[in-house]
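Scroll down for the structure; my scribbles are underneath it.
The values are calculated or read from the model by the stated rules, or taken from the named source; none is laboratory data. Quantities reported herein were computed from a predicted structural model and do not represent experimental measurements. Here the Cβ positions follow ideal geometry from the backbone for every residue, glycine too, while neighbour counts run over all protein chains shown. Ligands, DNA and RNA are excluded from the accessible area calculation, which covers all protein heavy atoms including side chains. Shrake-Rupley method; radii C 1.70, N 1.55, O 1.52, S 1.80 Å.
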Amino acid sequence: LVTSGAPIQNAPPELFGHELAGKTIGLVGTGDIARRAGRIFREGFRAKVIGYSPSLTPEKAAGWGIGYCACLSEVLERSDVVSIGVRLNDQTRGLIDAAALHRMKPTAVLINTARGGVVDEAALYQALSCGTIAGAACDVFLREPPTPDNPLVGLPNFIATPHLGANTDEALRRVGMTLVEELFRVMDGAAPASPCI
């Protein structure tokens, strides 16, 4: 836009946004990465952070600076931004379905950086098309990378990235080193330190 040479009006609608300060960020899943993101939202953007996980207790939440939610519905109903951070398994497959999306505020945004199967893509398309929620951004999809025929990628209120959240030289080196360290641990007869690798 800036390099096109076309005149740019001050605060054009397509560049208008909302601040995170004062907003409520809902974490679905409260693992290490989600807690780090929550700390950034809280300390960097002055947002309120709440969360739900089956293993989350009020005591853990308080220690992590996260508002405790007793169920998924509570996080969805209270949040301005819902960030998905759970593993894909039988309990989380399709977790964010049409019913879950209808629990969200019409002004809310959904972010999925977990796994594609956690969010029902057809339900998300419907929710975005009908204004059930305001927007969504996904780094993960059922079929990766997303293709132009995925109806989500054509929506104006949807941002797609091709599962590249960890595509940095440093992150890829850490992954490689961790994998090698885990192989040596197992070869020495020890249990892996990170069993999900």
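Brief remarks follow.
- Point-to-point label distance, LEU88-HIS18, nm (Cα→Cβ direction, 7 Å offset): 2.9
- The modelled label-to-label distance between ARG174 and ASP149, using points 7 Å beyond Cα along the C-beta direction, is 3.7 nm.
- Rolling a 1.4 Å probe over the heavy atoms of the protein chains gives the range 100-144 an accessible area of 42 Å² per residue.
- Report summary: the helix-based calculation at 222 nm, which adds -39500 (n - 2.57) for every DSSP H run with n ≥ 4 and divides by the residues of the chain, gives -8500 deg cm²/dmol.
- Over the chain - Rg/Rh using Cα atoms and the Kirkwood inverse-distance radius: 1.01
- At 0.692 mPa s and 37 °C, Stokes diffusion of the range 1-114 via Kirkwood alpha-carbon radius, µm² per second: 215
- Cα-centre dipole for the chain with unit charges at Cβ (Lys and Arg positive, Asp and Glu negative), debye to 20: 480
- Here is the P(r) of the range 51-114: all C-alpha pair distances, binned every 5 Å from 0, give 4, 17, 26, 27, 18, 7, 1 in whole percents.
- Among the protein heavy atoms, those of VAL109 account for about 50 Å² of accessible surface (1.4 Å probe, every chain in place).
- Accessible surface of the range 40-182, 1.4 Å probe, proportion on carbon and sulfur as whole %: 57
- Helix 169-187 axis, angle to the chain major axis (alpha carbon atoms, nearest 10°): 30
- Under a 5 Å amide H cut-off, with hydrogens placed 1.01 Å from N, LEU110 pairs with VAL82, GLY135, ALA136, ALA137 among residues at least 5 apart or on other chains.
- For the range 101-152, the Stokes-Einstein estimate of translational diffusion at 25 °C and a viscosity of 0.890 mPa s comes to 219 µm²/s, using the Kirkwood hydrodynamic radius over alpha-carbon pairs.
- Positive-end residue, the chain charge dipole about Cα centroid, Cβ charges, pick of PHE184, TRP64, SER129: TRP64
- Legend: P(r) of the range 89-197 from all alpha carbon pair distances, 5 Å bins from 0, whole percents, reading 2, 11, 18, 17, 14, 11, 9, 8, 5, 3, 1, 0.
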